[in-house]
Amino acid sequence: MTIEEIKRLVARGEGRHLEFKHRVPEPERLAKEVVAFANSGGGHLLIGVGDDGKIVGVRDSEEEEFSLNQALAMNCRPTIRWTSERIPVTPKRDVIMVTVPDSHRKPHYIVTNIEDGSGPAYVRVEDMSIEASPESVALMRSELSGDGVRFEFGEKELLLMRYLEQYGRVTVDGFAQIADMSREDASELLVTLTRASVLDQHREARGDFYMIHYEA
């Protein structure tokens, strides 16, 4: 990739598939961005570009790439496949473009507890990387398993569909309240109906919501 192509990419601004960093951030923060891309259709992380879109490059790209490799090797699980490329900005500065493809091994997590390797999953919502809801994690796991889904349309399902026809959207907590269910049961039902393409899950920074699925 050339510097002119980088300029055109930067001109689009940060979004679901593009993130700018002035330099390689702290390992956990870096892992969060890469995990979110892998869980959300892939994306590009441009290191050496400010939040305002100013292309400044990094001075020691070899050292930055070493930090990048170390951080992602130790802080992402399962391992994420990614590539990096140096694009010269000046004779002494480069932009490092990290390309993260959509993963077929999702959900991916960042490691916050070194002892047991546990930590949260992240997803992209617009230009942010946010912690994935339990429902998002369950849906990603179901993609990996490839198992089919079966359910019966009962009283709770009919109540949900009538509610959605009237109000358009519902959250897990909202459905649990109107259906007098536990949050866990409401979550399981919404995930099942989403897997069955009866509902669509939509993500916002303040939380997920569900709408009736309509064929395009």
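The values are calculated or read from the model by the stated rules, or taken from the named source; none is laboratory data. What you see is a predicted model; the values in this text were computed from it and never measured. When we count neighbours, we look across all protein chains shown, and the Cβ atoms used for this are built from the backbone with ideal geometry, even at glycine.
A few remarks follow.
- Number of residues in region 136-194 that are buried (at least 19 other Cβ atoms within 10 Å of the Cβ) and farther than 19 Å from P107 by Cα: the value is 8.
- Residues (without any contact (Cβ under 8 Å) to a residue 12 or more places away in the chain and in a helix (DSSP H, G or I)) located in region 56-83: E62, E63, F66, N69, A73
- Matching entry among F151, F175 (being modelled with pLDDT of 95 or more and over 23 Å from the mean Cα position of the chain (by Cα)): F175
- Within region 195-214, considering residues that are of a type in the set (G, A, S) and either surrounded by 14 or more Cβ atoms within 10 Å (Cβ to Cβ) or touching a residue at least 60 places away in the same chain (Cβ under 8 Å) (or both), the one farthest from V170 (Cα to Cα): A205
- For L190: the one exception among (1) under 28 Å from V35 (Cβ atoms); (2) out of contact with any strand residue (DSSP E or B) (no Cβ under 7 Å at 6 or more places or on another chain): (2)
- Within region 88-126, considering residues that are under 30 Å from R8 (Cβ atoms) and either touching a Cys at 6+ places or on another chain (Cβ under 8 Å) or polar (S, T, N, Q) (or both), the one surrounded by the most Cβ atoms within 10 Å (Cβ to Cβ): H108
- Going through (1) under 25 Å from the mean Cα position of the chain (by Cα); (2) assigned by TED's automatic domain parsing to the domain that holds D208; (3) of a type in the set (F, W, Y) one by one, Y109 falls short only on (2).
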